[in-house]
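Read through the structure below, which is laid out as structure tokens, and then see the notes.
Values in this text are rule-based calculations from the coordinates and carry no lab data. Every value quoted in this text rests on a predicted model; they were computed, and no experiment measured them. Using ideal geometry, Cβ is built from the backbone for each residue, glycine included, and neighbour counts are taken over all protein chains shown.
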Amino acid sequence: MRIAIILCVFLLTACSEVETIETPTSESDLSETERLVAWLDQQWEEQLVFSPMTRTRLGIKSDYAQLDDFTEAGEEEQLDWQRQSVAEMEGEFDYAALTEDGKLSWDMWKYALEQAEKGVPYRRHSYIFGRGGPHAFLPNFLINFHVVESVQDMEDYIARLGEIDRVLNELLLRAREISAAGIRQPAFAYDFASGEIARITAGVPFNNDDDTPNSPLWNDAQAKIDGLVENGAIDRDQAQEFRQRVTAVLSGEVAAVYRDLLAWLEQDKAATSTEAQGVWALPAGEDFYNYRLGVMTTLQLSADEIHEIGLAEVARLRQEMEAIKERVGFEGTLQDFFAFIREDDQFYYPSTEEGRAEYLQDNYDFLAWINERLPEYFGRLPKADLEVRRVEAFREQAGAAQHYMAGTPDGSRPGVYYSHMIDMSSLPRYQVEDVLYHEGNPGHHMQISIQQELTDIPRFRTQYFTTAYVEGWGLYAEFLAKEMGGFEDPYSDLGRLDGEMWRAIRLVVDTGIHAKRWTEEQAVAYFLENSATPESAVRSEIQRYFANPGQATAYKIGMMNIQQARANAESALGDAFDIREFHDLILGAGALPLPLMHARVESWIESK
């Protein structure tokens, strides 16, 4: 669904070796491919008109005063545009005359339409106002993406503040229709959203309680206004005028729409089940879940097949964890070892500012170490910088997962690895190295930055993401970091295994919840039985799976497919296999659906 895509997105030139996958072509063939690339770039510009927010995320200030259209009518308008675009492509270009990479671009442009069409029957199956929903995403977007460098930028910022009530009312209307159709999220998701709204609207100018800090939006607006004063763009009188206008908007229509949303959340929560249920309980729930599995994995795997893959991987990883237990000389069962890891203070940072500072420094130390080794395994390297930050207070949740937010393609805004530090017991020392490699380098930051920096593919491919590829690469990066010499400490190596176990458990638990009718407690118990992950993080994760069906299956399925593609290449090429060349191949085409990734690797193997 477009809503889900927009919320999730706001996540080097090819070397000569990779170019060997191209089939020799005539001048006329190259002309057809070049013509298609130019046309796709023009189509991408047209498509961006539908999303001013995506333009902002990319560092483009067109339509800078506007937020997106979130109505069903707007969604249908964009889908009609996609249909017309694909029809025009099929009528104007000769597929057979394209190079291999030209055919890949064609296939991806058409694949995007096919996926959008498959989602039409399930437009009203999404949970809109859950954890991290648009009520929290909009302030986050304005704070972190809307850059103010001029008076006009500030005018646009205030205009966008005034757009918040329009967007939330559009989405509230859709949420009411979804609820009327009998589709409601678990009760805890209503509580998450209500808590986030309470933090967003606490303090000035929403209320003037002296004991409450200023609201996040008010702090952000003041910082942006102060920046204009400092650079000489405005004087203090103009600054005061801007502050008064921001106060009026926030205390007026923005406060009103948040009150309406909070009232609806409280009302609708009363009608939801007291016990969390998977999507099997929704109208057409089984079909919806199968659709979600297809979207997230890009493969045609049934829930039963994914469940069995998960069980096999859990069994394999338990054996590797047993080996770590023996290596450190721990006497007792694996369950005893898990309990020791969860409970011993040596594995945790203190929940103090000093503990948080130590955690951040450890992340930067591991990042510096891995960065030195990247050239041994990659020809392409990212140009963009990476920062590690604490999540903003208004959207911080105890035990919630760390996550990555992409920078701009031109590098003007760095990529950011965000971590929830409100409860340091959910960030154990033995997992720091593993998660950093997943979210940073050689994981999400490296993959997404390189993708955005590619210049030899159509622009839409630099911004096209499939969850199985992106998250599969992140998990593969953890595995790769071990090959690169990481995880020398056995407990950090246990953290790596626990990270992979975490994703294997997801295959079992996600399908268990949504296809096999597992309860929340069943899912928690299975997770704790097979992982050293702290219980606070486990419960947060399980609730995430209830609220986002199928998404959790993408990580392990994606990783296993990348590993399989590499194993096939190593077997076929023998001594001619070059790990740097393989990684550049995988990263040099964008975030492909897995079948297209495999086809690209097979073509490369044949060319060599």
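A few points about this structure:
- Pairs of Cα atoms in the chain fall into 20 Å distance bins, from 0 up to the last occupied one, in shares of 18, 54, 26, 1 percent.
- Translational D in µm²/s for region 127-274 (Stokes-Einstein at 10 °C, 1.306 mPa s, Kirkwood Rh from C-alpha pairs): 98 µm²/s
- Per-residue HN-Hα couplings for region 51-58 [Karplus 6.51, -1.76, 1.60; θ = phi - 60°; Hz; x = Gly/Pro]: 9, x, 5, 5, 4, 4, 4, 8
- For residue 388, the residues whose modelled amide H falls within less than 5 Å of its own, excluding neighbours fewer than 5 places apart on the same chain, are 417.
- Proximal charge balance of residue 311 [Cβ under 15 Å; K/R count +1, D/E count -1]: -1
- When 40, 293, 299 are sorted by how many other C-beta atoms sit within 10 angstrom of their C-beta, beginning with the fewest, the order is 299, 40, 293.
- Efficiency of FRET from Cβ geometry, residue 519 and residue 208, R₀ 35 Å, rounded to 0.05: 0.20
- Size of region 285-564 as Cα extents on the principal axes (Å, biggest first): 52, 49, 39
- The tail of the calculated P(r) for region 314-445 beyond 17 Å holds 66 percent of all Cα-Cα pairs.
- Viscosity 1.306 mPa s, 10 °C: Kirkwood-radius Stokes-Einstein D of region 467-608 over Cα pairs, µm²/s: 96 µm²/s
- Mean separation of Cα contacts under 8 Å, 6 or more apart, over the residue count of region 285-564: relative contact order %: 27 percent
- Spin-label pair residue 60-residue 45: with each label point 7 Å from Cα along the Cα-Cβ axis, the two points sit 0.9 nm from one another.
- Which listed pairs, of 110/556; 118/556; 224/383; 110/269, have C-alpha distances above 29 Å, in listed order: 110/269
- Extension gain from residue 340 to residue 84, taking 0.36 nm per residue of separation minus the Cα-Cα distance: 86.2 nm
- Fewest-first ordering of 50, 582 by other beta carbons within 10 Å of each residue's beta carbon gives 50, 582.
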